[in-house]
Amino acid sequence: MTARAVVIIPHFNDQARLRRCLEALLVDLPAGVDVVVVDNGSHVPPATELAEDFPKVQWLTQPKPGAAMARNLGVAETRAEGLLFLDADCVPCAGWVQAGLDAMDHIDAAGGPVDVFDEGNAQTRTGAQAFEAVFAFDMRGYLDRVGFLGSGNLVTRRSVFDAVGPFRPGLSEDKDWSHRARAAGFDLSFIDAFAVGHPSRGDWPALRRKWDRLTEESWGLHRAEGKGRWRWMARALLMPASIVAHMPRILRSPRLRGPQERWRAIGTLARLRLTRMVWMLRQAIWA
């Protein structure tokens, strides 16, 4: 029998976090729900070490790079009407699948909270961790202000997905898919119970890699939407002003512990915004 829903998890070279994700997911997995892990060309395929421990999981391989391509393959190789997308480094909360199933019958597409947590036992956060504690994964704000859902914590129906079309690689796939869904007349919703945890980036190199990727994807979406280079350059030149604009958010944040974490977060904010300005100007001039 065809499953009622399927959880699709893209994965690349992160077996420890994938194991943690699957362990949390399978604790209360309802009947009639399949789990598919789509590996994106890891050095060691995860099924080699994890298949025996997780016999309920179906393992697929997508050699084409990018989480968008992995998610699309997961959709193409399954038949369930309910589609739940989950990233391998996320930890679904208790009842995550059931919350998605309960919503599936009356929503077109929905996301939920992504709560940042720190890996390790350090008493004081690094600058990257402090920055992410304040700014990372404001999913309700993303939906309200920008109109998109994150593709790493998303539930929709196959009929909606088919009408909107697959995720497109090489750009901000979640923004792009969400904007196409709204343009097609579908509603995007937010479900508090559909929550996951996500580890913060532990240091500057990890945070830089994240924002390098996000900036490149945003540039791809900017061009795909036919917006001009001058508009992108204007956004880049506003980056220094955003440092001052966002400092009060750090100073008021109840998530930070003491002045040391606040100053580290401010330093990382300034470093990141200035770095992104340089990246964006380079893209506008040379790409």
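Numbers for the structure displayed
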item	result
Segments classed as strands (runs of 3 or more DSSP E), wholly inside region 148-206, with at least 2 members that are open to solvent by 30 Å² or more (accessible area, probe 1.4 Å)	188-190
So GLU225, is it within 21 Å of LEU143 (Cβ to Cβ), at pLDDT below 95 and surrounded by fewer than 16 Cβ atoms within 10 Å (Cβ to Cβ)	yes
Neighbours by Cβ (under 9 Å, 6+ apart or cross-chain): first from region 126-154, without any contact (Cβ under 8 Å) to a residue 12 or more places away in the chain; second assigned to a helix (DSSP H, G or I) and open to solvent by 20 Å² or more (accessible area, probe 1.4 Å)	ASP138/ARG145; TYR142/ASP174; TYR142/LYS175
From the options ALA70, ALA5, ALA51, ALA76, residue that is of a type in the set (A, V, I, L, M, F, W, C) and either over 25 Å from PHE161 (Cα atoms) or in contact with a Cys (Cβ under 6 Å, 6 or more places away or on another chain) (or both)	ALA51
Complete set of residues in region 126-139 that are open to solvent by 30 Å² or more (accessible area, probe 1.4 Å) and at pLDDT 95 or above	THR126
Residue list for region 188-215, filter: without any contact (Cβ under 8 Å) to a residue 24 or more places away in the chain and either touching a strand residue (DSSP E or B) at 6+ places or on another chain (Cβ under 8 Å) or under 28 Å from LEU83 (Cα atoms) (or both)	LYS210, ARG213
Subset tally (residues that are touching an Asp or Glu at 6+ places or on another chain (Cβ under 7 Å) and within 24 Å of THR268 (Cβ to Cβ)) for region 90-145	8
Among residues of region 235-257, those that are part of a helix (DSSP H, G or I) and open to solvent by less than 30 Å² (accessible area, probe 1.4 Å), counted	5
Filter pass, ARG282 being in a helix (DSSP H, G or I), without any contact (Cβ under 8 Å) to a residue 12 or more places away in the chain and not small (Gly, Ala, Ser)	yes
Selected residue [aromatic (Phe, Trp, Tyr), touching a Phe, Trp or Tyr at 6+ places or on another chain (Cβ under 9 Å) and open to solvent by less than 30 Å² (accessible area, probe 1.4 Å)] from TRP219, TRP211	TRP219
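The values are calculated or read from the model by the stated rules, or taken from the named source; none is laboratory data. Being a predicted model, the structure only gives us computed values, none of them experimental. Here the Cβ is made from the backbone with ideal geometry for all residues, glycine too, and neighbour counts use every protein chain on show. Ligands, DNA and RNA are stripped out before the accessible areas are found, and what is left, the full protein with its side chains, is counted by its heavy atoms. Shrake-Rupley method; radii C 1.70, N 1.55, O 1.52, S 1.80 Å.
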